[in-house]
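These notes concern the structure reproduced below.
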C-alpha cells in the first residue's frame with residue numbers, strides 16, 4: 001500500500017496493472033483507477049506424491065540472477081480424481097537471464113531477457129524442487145522516495161543500449177585507485193549465457209553474483225579491501241556512504257551475519273535517479289557537492305532486493321534508464337495496436353488441441369467429472385413442450401436462444417423424450433448423466449466461419465428418472481481447449497434451467 | 001437441329017443467322033445471373049456476402065454471374081458494391097457519414113482479394129451433425145522430442161537448465177499457422193477500428209493491462225465503471241467471440257442545447273482552438289475512453305445505416 005501511495009505522489013502507478021488509457025493517454029488519467037481483482041490463477045499449483053509442490057510463479061535462482069520460472073503445468077487426470085492440487089505431469093517453464101546494460105549516456109541499467117521457454121517433462125520423476133513466490137516486497141516503504149520508471153532523467157534520444165558484458169575489459173589488473181575509471185568496465189562480467197548449463201539453481205536469490213536493488217536510502221559501510229584492511233585515509237574515501245534508493249548493484253560475497261545476513265556488494269554508480277531537489281539544481285551543479293557512491297559497500301539483506309523481485313513486482317523487464325531503449329520504446333510506441341493479440345490470441349489449432357487431449361487423457365478427466373452428475377429441472381413445464389432447449393452462456397436469464405456458431409451454448413434434446421412424466425408426480429424431475437463424449441464440430445461448406453473454425457462438443461447422455469429413452473445434451477464451445485473446465489462451463493450454462501447436484505454417494 | 005436446317009439448299013443465310021443466334025443464346029446462358037456460385041477451389045459465394053476492412057469500409061456482393069447448371073454454377077463475374085465511412089466534425093461534435101465508392105466487376109474468384117462472409121452466424125443445430133468423436137480420431141503420433149529417451153531421474157537442481165526441452169516447434173507441425181486469421185477476424189464486422197454504435201445504455205468497466213512474471217500480458221477488468229450512453233459512437237480496439245474493447249467518443253452524442261460547456265467548446269473550436277479537423281485526430285484522447293462491452297450491446301455502423309435506411313448518424 002505504501003508503495004502505491006508513493007507512486008500516487010509522484011504521479012504514476014506501478015506498471016504491473018496499467019490501465020488501458022495509459023496507452024494513449026497521459027499518466028494523470030491513470031490516477032483515478034484502482035487495480036482490479038487478483039489473478040485467479042495466482043494460486044494454481046500441482047504436486048507430486050513425494051510432497052513436492054510446483055506453483056505457477058515459483059522460481060529457482062542461478063548465477064548472475066538467472067532464474068527458471070514456472071509458467072504452467074500439465075497434470076495427470078488419471079491420478080488427480082478429487083485431489084487438490086492435481087498431480088503434476090510436465091512443467092512449463094521459462095529461463096530468464098539478467099544483463100547489465102548501458103544507456104547511450106553511459107548510465108547503467110539492468111535488463112531481463114527470456115532465454116529459454118520450454119517444458120521439464122515428468123517432473124515428479126526428477127529431483128528438481130522450486131520455491132513458492134515470496135510475498136510482495138514493500139519497496140521503498142520507509143522514506144517515500146520511490147523509484148519510478150520515470151523518463152525525466154532518462155536520455156531523450158536513447159534509441160539503443162549496449163550490454164556491458166560485451167565490452168572488452170582492457171586491464172584486469174587494477175589499481176586500488178579507481179579515480180577516473182569507468183567502474184562498469186571493471187565488473188567481472190562474463191558471458192552469462194554460456195555457463196548456465198553447469199549452473200546449479202536453488203532457492204537462494206541473494207547469492208554471489210546476484211544483481212540487487214537498494215530498497216531505500218540508507219547509510220552503508222564501505223567494504224574492506226580484499227586483503228581485509230579498511231580503506232586507507234590517504235585514499236580520501238569515507239568509511240560510510242549514503243546509498244540512494246533504487247541504486248543497483250551486484251553481490252560480490254557474503255560479509256557475515258549481524259542479526260541478518262550481510263553482503264558485500266559492488267555498487268553501480270549513477271544507477272539511481274537523482275532526487276527531485278537535485279534535478280532542480282542542475283544549473284548550479286558545480287555548487288552542489290556530489291558524494292560519489294563508488295566501490296564496494298556492506299549491505300544487510302533487509303536493505304536490498306534481488307532484481308527479479310523488482311522486475312516481477314513492477315511488471316517490467318528493465319530498470320531505470322532502460323525504459324527508453326530498444327524493445328521498451330517500441331512497446332510504448334505500439335500503443336493499443338497490440339491489444340487484439342493480447343485480448344484475443346489465435347486459437348489453439350485443432351490438431352494440437354486433440355493431440356494434447358489424447359496425451360493428457362483429457363476425456364477420462366472429463367468423464368470422471370461429469371458422469372453421475374444429476375440435473376434437476378427447475379421448471380417442470382419444460383418437458384411438456386417436447387422441443388429442443390437452447391441455452392446461451394451470454395444469457396443468464398435462461399431465455400431460449402437461437403443457435404449461434406460463435407456462442408457457447410447447450411442444446412438439450414427434450415424432443416427425443418419418449419412419453420412424459422405424470423402430471424400428478426410431485427417429486428423432482430431428475431436427469432442423470434450416464435455417458436460422456438467429446439466431439440469436434442466443423443460445419444461443412446459454411447460461408448459463415450473461417451475455414452479453420454471448429455467447436456468442441458461436450459456430448460452428454462441423460463437418463464431421466466421418469467419416462468423412457470435417453471436425452472442427448474450437447475454443450476458447444478467454439479475454439480475451446482479440450483479439458484475438464486468444459487464441464488464447469490457446461491454446468492454454468494445449464495444452471496439457468498437446472499439445479500446441478502453431485503452424484504449419489506456410493507455411486508462409482 | 002439448327003445445323004440440320006443449315007445444310008438445306010438456299011437456306012445458308014438463315015443458317016448463319018440461326019447459328020449466330022444460338023451462339024448468342026449460349027453466351028447469355030454462360031452469363032446467367034445467380035444468387036450463388038462456386039469457385040474453382042470449392043468455396044462458394046452468395047449475393048449479400050460482405051467483406052470488411054478498416055474503419056468499417058465495406059464491400060458487398062450485389063450480383064453474381066455464373067456458368068453451368070443451376071446445381072453446379074461456376075462464378076464468372078462478381079459485382080461488388082463498395083462504401084466508405086467518413087467522420088465529419090470535430091472530437092467535440094462529430095458524426096459519421098457513409099459514402100458510396102461505386103460498383104466494380106471482378107472476373108471470377110481469382111480476382112477476389114478479400115474474404116467474403118455471411119453476416120448471420122445463426123444456424124440449424126442437429127444432433128451428431130458435422131461432428132466426430134475424438135475417440136474415433138486416430139491417436140496423434142507423439143511429437144519428436146528428444147527428452148523421451150533421457151532419464152528424468154538424473155535431472156536435479158544441479159542441471160535443471162539442461163532439463164528444459166525448448167518449445168521451438170509446435171507439437172504438431174501446422175503449415176497454416178502463419179496464415180491463420182487473427183482472432184478478431186472471426187467477427188469480420190468487428191475488426192480493429194470498426195465503427196460501432198451503442199444500442200442501449202451500457203454499464204462498462206475500464207480495463208487494465210496486467211503483466212505476469214514471464215512478461216505475458218493479460219487484460220483485466222477494473223473496479224471502476226461508467227455508463228456508455230445509448231447512441232454513443234466508438235471504434236473497436238479488439239474483439240473476442242462475444243465481447244469487445246471499444247474506444248467510445250463523447251463527441252458523438254448530441255448534447256443538450258444550452259449546456260454551458262458545450263457552448264464554450266463550440267466557441268473555442270470555431271475561434272481556432274487547438275483542434276483542426278483531421279481524421280486521425282479522432283484517435284487522440286480528446287473526450288474518449290476505452291471500456292469493455294458485450295457485442296450484443298453494440299451494433300456495427302453499417303448495420304445501423306442499413307436498418308435505419310440512412311447514410312449518416314445523428315446531427
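The values are calculated or read from the model by the stated rules, or taken from the named source; none is laboratory data. Quick caveat: nothing in here was measured; it's all calculated off a predicted structure. All Cβ positions, glycine included, derive from the backbone under ideal geometry; neighbour counts span all protein chains shown.
Quick notes on this one:
- Whichever residue in the range A:124-143 is modelled with pLDDT of 70 or more and facing chain B (nearest Cβ under 8 Å) and, among such residues, is surrounded by the fewest Cβ atoms within 10 Å (Cβ to Cβ): A:125
- First in the range A:191-202 and more than 10 Å from chain B (Cβ to nearest Cβ) and within 15 Å of residue A:115 (Cα to Cα), second anywhere and at pLDDT below 70 and surrounded by fewer than 16 Cβ atoms within 10 Å (Cβ to Cβ), Cβ under 9 Å, 6 or more apart: A:191/A:166
- Sole exception among (1) at pLDDT 50 or above; (2) over 28 Å from the mean Cα position of the chain (by Cα); (3) at the interface with another protein chain (Cβ under 7 Å from one of its Cβ atoms) for residue B:171, by number: (1)
- Exclusive hit being modelled with pLDDT of 90 or more, touching a strand residue (DSSP E or B) at 6+ places or on another chain (Cβ under 7 Å) and either away from chain A (no Cβ under 13 Å) or crowded, with 16+ Cβ neighbours inside 10 Å (or both), set B:74, B:105, B:88: B:105
Okay, residues lined up against (1) more than 7 Å from chain B (Cβ to nearest Cβ); (2) surrounded by 18 or more Cβ atoms within 10 Å (Cβ to Cβ); (3) within 24 Å of residue A:394 (Cα to Cα):
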| residue | (1), (2), (3) |
| --- | --- |
| A:435 | yes, no, no |
| A:438 | no, yes, yes |
| A:441 | no, yes, yes |
| A:446 | yes, no, yes |
| A:451 | yes, no, no |
| A:454 | yes, yes, yes |
| A:459 | yes, yes, yes |
| A:468 | yes, no, no |
| A:474 | no, yes, yes |
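- The single residue among B:203, B:191, B:153, B:223 that is modelled with pLDDT of 85 or more and within 8 Å of chain A (Cβ to nearest Cβ) turns out to be B:223.
- Here residue B:215 fulfils each of the conditions (1) modelled with pLDDT under 90; (2) over 30 Å from residue A:92 (Cα atoms) apart from (2).
- Residue within the range B:236-258 that is within 30 Å of residue A:69 (Cα to Cα) and either at pLDDT 85 or above or within 14 Å of another protein chain (Cβ to nearest Cβ) (or both) present: yes
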